[in-house]
Every structure is written in C-alpha cells, then in structure tokens.
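For reference, the structure is listed below as structure tokens.
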Amino acid sequence: MATRIPSEVVLDGYSLAEQHQIDHIFLTEGGPFSLLAVVGLVLIAIAGWRFRWLLIPGVLLALHRLWWIPVLAYRLFDDPAAAGYAAQYYPLYWLPQTLALIAAAVVLYLVGSLARRMNRR
C-alpha cells in the first residue's frame, strides 16, 4: 500500500518530511469505509429503490473521505497544493477499499432499481 505514496518530493515548497505529514493524515483518518460511508450506501440503495433525491446525499456520505481528506489537508497546511496532493494520492493509498466502496455503491443502486422495477409489475 505505501508504495503508492511518492517517495520523492512532488509538492513544490515542501520537504519530503512535510509531504509525509500529509501522508500521515491518510493513516490517522483511515480508509474510506466508516459509519458515514455505510449510511451513504444505504441511502444510495434507497435512492435506487424509491427516493431518487437521496442519491446525491448518499454519494456525498459514501465517499465523504474522498472529499474530506483534501479539505482537512487544506485546513491543516493552509495550502491548496496540499489539498490537491491529498485529493490525488488518498484514493490511491486506499485503492482496494476505494474501489470496493464505489463498486458497492453501484451494485446497491442497481439492486434498488431492480427492486423498484419488480414492484411495479
């Protein structure tokens, strides 16, 4: 997993140690799965089944770490470049979990849509 994090400096104006402080956020905040992500997945399934307006909140909750980590990096380092770095490398650091979360969201939405179609008949 750690090999997806750059071993050389890719942020202008940062040392490798400072860049690794951003990487440390990836570990302290953890992977993309959390209680909010599970709630988001449930909302996505409900959106597929019945209430389509729940899709956007569901996606925002299910993928909250993908947008929250860059916000957190920006708040901690007060630099948009740190946020961009976090947005680029956080999903790669947790790639299997990120892909599993996205796949689960798609499958749950499709299952909900299928259930809605079967209820109409």
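Checking PRO70 against (1) at positive phi; (2) within 11 Å of the chain's Cα centre (by Cα), which test does it fail?
(1)
Considering only the stretch 95-110, I want to know if a residue exists there that is among the polar types (S, T, N, Q) and in contact with a His (Cβ under 9 Å, 6 or more places away or on another chain).
The first filter runs over the stretch 95-110 and keeps only residues among the polar types (S, T, N, Q), leaving 97-98.
The next check asks that each one be in contact with a His (Cβ under 9 Å, 6 or more places away or on another chain); those that pass are none.
No - not one qualifying residue is present in the stretch 95-110.
For every residue, the table says whether it meets (1) under 14 Å from the mean Cα position of the chain (by Cα); (2) not charged (D, E, K, R).
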site: GLU8; (1), (2): no, no
site: ILE22; (1), (2): no, yes
site: GLY30; (1), (2): yes, yes
site: VAL42; (1), (2): no, yes
site: ALA45; (1), (2): no, yes
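With the stretch 1-104 as the region, which helices (runs of 4 or more DSSP H) entirely inside it contain at least 1 residues that are touching a residue at least 12 places away in the same chain (Cβ under 8 Å) and within 27 Å of ASN119 (Cα to Cα)?
Counting at least 1 such residues, we get 35-49, 55-62.
Quick check: is even one residue across the stretch 40-58 in contact with a His (Cβ under 9 Å, 6 or more places away or on another chain), surrounded by 20 or more Cβ atoms within 10 Å (Cβ to Cβ) and not basic (Lys, Arg)? Spell out the reasoning first.
Residues of the stretch 40-58 that are in contact with a His (Cβ under 9 Å, 6 or more places away or on another chain), as a first pass: 40.
If we keep only those that are surrounded by 20 or more Cβ atoms within 10 Å (Cβ to Cβ) too, we end up with 40.
Restricting the remaining residues to those that are not basic (Lys, Arg) gives 40.
Checked the stretch 40-58: at least one residue is in contact with a His (Cβ under 9 Å, 6 or more places away or on another chain), surrounded by 20 or more Cβ atoms within 10 Å (Cβ to Cβ) and not basic (Lys, Arg).
Any idea which residue in the stretch 10-20 is nearest to the chain's Cα centre (by Cα), counting only those that are at pLDDT 85 or above and of a type in the set (A, V, I, L, M, F, W, C)?
Filtering first and then ranking leaves LEU11.
Give just the number: which of (1) closer than 30 Å to SER15 by Cβ; (2) of a type outside the set (Asp, Glu); (3) surrounded by fewer than 16 Cβ atoms within 10 Å (Cβ to Cβ); (4) within 18 Å of the chain's Cα centre (by Cα) does VAL106 not satisfy?
Condition (1) is where VAL106 drops out.
The values are calculated or read from the model by the stated rules, or taken from the named source; none is laboratory data. Model, not experiment: these values are computed from the prediction. Cβ coordinates were reconstructed from backbone atoms using ideal geometry, including for glycine residues, and neighbour counts include every protein chain displayed.
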